[in-house]
Amino acid sequence: MFKISTSTKSNALSVGFVSLLLLLLFPPTVYASDSVKKKPHVVFLINEDTLNYEAHKTIPVFAKRLSETQNYRVTVLMGKGPNNAFQFPGLQMIEKADVVVLFSRRIALPPEQMQLFKNYLKNGGPLVAIRTGNHAFTTRGTIASGYVDWLGFVPEILGCGNYGYGPVELGTDVSVVPEASGHPILGDFKPAQYHSIGNIYKVTPLLDPQTKVLLTGKAGDEIQPVAWTRMAGKSPVFYTTLGYPADFEVEQFNHLLIRAIQWAIGQKS
């Protein structure tokens, strides 16, 4: 079972197109039976932003695949509002979610929603974060009254910094870290290398010595970790700087995300 929650957009034409796309991808929701309700619940948090690598297009498709191939309930929450005054409709559902998948960029939330997310993590809620997650709550410009950012999210939860990115034209050569080849998230990551047309993110030095780096990326002379796991308090966290639209067309990347979700909620793949 899966469903998607969307918000009203100011551009009526855009709303019509997005709504039609989502209706095609997601048939009307059928209320779950008791057996369905026992499935692990995966909640995606995304925003539609011209600089968010088309997450509003790639994530609904990936979520549909996840619901069809895995024993999960899947909900996609697409937030609304400008980045400096943003909110997710129905965010309270993360209180009972089995894992949250974050692919949002530079948003400020109402204090009660930000606290809801912080409490989820404080209570040990698993997190999978994708690409722009490393500046999910780092806003630019003036934050609207009644909204807050969270500058500490990146170092405290993801365990890294955000130091820019490499040239777009180079892309990223992705490789498995040999010492991590037996990790359950990597699974059948074959071949052990592939080229992403997305540019590399600069995140080092990593801040947690217990971080387990799974994949590295190379762009020219620049080498950076591009996927890793760590514990943020009681929360198992997986983060990848990959997530360019074309990455979702690569089977290794799709399997990586699926296995990361399985790992985060403590399932064996």
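Structure data summary
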quantity	calculated
Matching residues, the range 181-198, being in contact with a Gly (Cβ under 9 Å, 6 or more places away or on another chain) and within 15 Å of Thr216 (Cβ to Cβ)	His195, Ser196, Gly198
Check on Gly220, of a type outside the set (A, V, I, L, M), in contact with a Gly (Cβ under 8 Å, 6 or more places away or on another chain) and closer than 17 Å to Ala129 by Cα	no
Elements of type strands (runs of 3 or more DSSP E) in the range 38-147, at least 2 residues being farther than 26 Å from Leu215 by Cα	73-78
Close pairs (7 angstrom Cβ cut-off, 6 or more residues apart or separate chains): within 24 Å of Ile258 (Cβ to Cβ) in the range 111-129, modelled with pLDDT of 95 or more and among the hydroxyl-bearing types (Ser, Thr, Tyr) anywhere	Leu121/Ser235; Gly124/Ser235; Gly125/Ser235; Pro126/Ser235; Leu127/Ser235; Ala129/Tyr239
Residues of the range 98-134 classified as of a type in the set (S, T, N, Q) and in contact with a Gly (Cβ under 6 Å, 6 or more places away or on another chain), total	0
Pairs with Cβ under 6 Å, 6+ apart, first in the range 224-236 and more than 19 Å from Glu179 (Cβ to Cβ), second surrounded by fewer than 19 Cβ atoms within 10 Å (Cβ to Cβ)	Lys234/Gly124; Ser235/Gly124
Flag for Ala136 being aliphatic (A, V, I, L, M), more than 15 Å from Ala227 (Cα to Cα), at pLDDT 95 or above and within 21 Å of the chain's Cα centre (by Cα)	yes
Single unsatisfied condition, Ile4 versus (1) touching a helix residue (DSSP H, G or I) at 6+ places or on another chain (Cβ under 6 Å); (2) farther than 23 Å from Gly152 by Cα; (3) modelled with pLDDT of 95 or more	(3)
Every pair of residues 6+ apart whose Cβ atoms lie under 7 Å, when the first sits in the range 161-185 and is closer than 14 Å to Ser196 by Cα while the second is at pLDDT below 95 and of a type in the set (Gly, Ala, Ser)	Ser175/Ala192; Val176/Ala192
Output for the range 237-261, where each listed residue is of a type outside the set (A, V, I, L, M, F, W, C) and surrounded by 20 or more Cβ atoms within 10 Å (Cβ to Cβ)	Tyr239, Thr240, Thr241, Gly243, Tyr244, Asp247, Gln252, Arg259
Unmet criterion (only one of (1) within 20 Å of Ile265 (Cα to Cα); (2) in contact (Cβ under 8 Å) with a residue 24 or more places away in the chain; (3) of a type outside the set (Ser, Thr, Tyr)) for Gln210	(2)
Single condition Thr75 does not satisfy, out of (1) farther than 25 Å from Val226 by Cα; (2) crowded, with 18+ Cβ neighbours inside 10 Å; (3) without any contact (Cβ under 8 Å) to a residue 60 or more places away in the chain	(3)
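Here is a yes/no grid of residues against (1) touching a strand residue (DSSP E or B) at 6+ places or on another chain (Cβ under 7 Å); (2) not β-branched (Val, Ile, Thr):
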{"residue": "Lys39", "(1), (2)": "yes, yes"}
{"residue": "Glu48", "(1), (2)": "yes, yes"}
{"residue": "Glu54", "(1), (2)": "no, yes"}
{"residue": "Thr58", "(1), (2)": "no, no"}
{"residue": "Phe62", "(1), (2)": "no, yes"}
{"residue": "Asn71", "(1), (2)": "no, yes"}
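The values are calculated or read from the model by the stated rules, or taken from the named source; none is laboratory data. The shown structure was predicted, so the numbers you read here are calculated from the model rather than taken from an experiment. Note: ideal-geometry Cβ built from the backbone for every residue, glycine included; neighbour counts use all protein chains shown.
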